[in-house]
Amino acid sequence: MLKSDLINILVAKRGVTQKQAEATIETIFESMKDALCRGENIEIRGLGAFHVKNYQGYQGRNPKTGVVIPVKPKRGLLFRTGKELRDRVNRPAPQQAQNELPSPESKGPGSTGTGL
């Protein structure tokens, strides 16, 4: 899913204009980016949580030359899914969707089959 897909969904479901939807999505994402850059965590119930993790600096090594290289401290971003989303993703697919998939024995148009 792309940001443009989110905008289109907002337009379709809420009846707002394209520009209003773009501004709304942009505002949400910018707010999230700003909070993460400040080192804050973001928790969205039902979806998951973004966590900023601080990594200490360490002495690395160039694998080619063996020279010791200092690696600066840095921050990383982690996302942990919420229980509701994790359960929903792991739910078995509906039976109807599985029946619509072509079986390995069926051949599409123009298929010559496996015979010689």
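The values are calculated or read from the model by the stated rules, or taken from the named source; none is laboratory data. Source: prediction; values computed, not measured. Glycine gets a Cβ as well: all are built from the backbone with ideal geometry, and neighbour counts include every protein chain shown. The accessibility values were calculated without ligands, DNA or RNA, using every heavy atom of the protein model including side chains. Shrake-Rupley method; radii C 1.70, N 1.55, O 1.52, S 1.80 Å.
Among the numbered conditions (1) assigned to a strand (DSSP E or B); (2) open to solvent by 70 Å² or more (accessible area, probe 1.4 Å), the only one that G76 does not meet is (2). Only one of the numbered conditions (1) modelled with pLDDT under 95; (2) in contact with a Gly (Cβ under 6 Å, 6 or more places away or on another chain) is violated by K72, and that is (1). Scanning segment 25-71 for residues that are assigned to a loop (DSSP other than H, G, I, E, B), without any contact (Cβ under 8 Å) to a residue 24 or more places away in the chain and either surrounded by 10 or more Cβ atoms within 10 Å (Cβ to Cβ) or not hydroxyl-bearing (S, T, Y) (or both) gives R38, E40, N41, Q56, G57, N62, P63, K64, G66, V67.
Would you confirm, using the coordinates I've provided, whether R88 is touching a His at 6+ places or on another chain (Cβ under 8 Å) and either open to solvent by 90 Å² or more (accessible area, probe 1.4 Å) or part of a strand (DSSP E or B) (or both)? So R88 fails the test.
Inspection of segment 11-18 identifies no residue that is closer than 29 Å to D87 by Cβ, in contact with a Ser or Thr (Cβ under 9 Å, 6 or more places away or on another chain), open to solvent by less than 90 Å² (accessible area, probe 1.4 Å) and not hydroxyl-bearing (S, T, Y). All of L78, L101 fail the test of being among the aliphatic types (A, V, I, L, M) and modelled with pLDDT of 95 or more, apart from L78.
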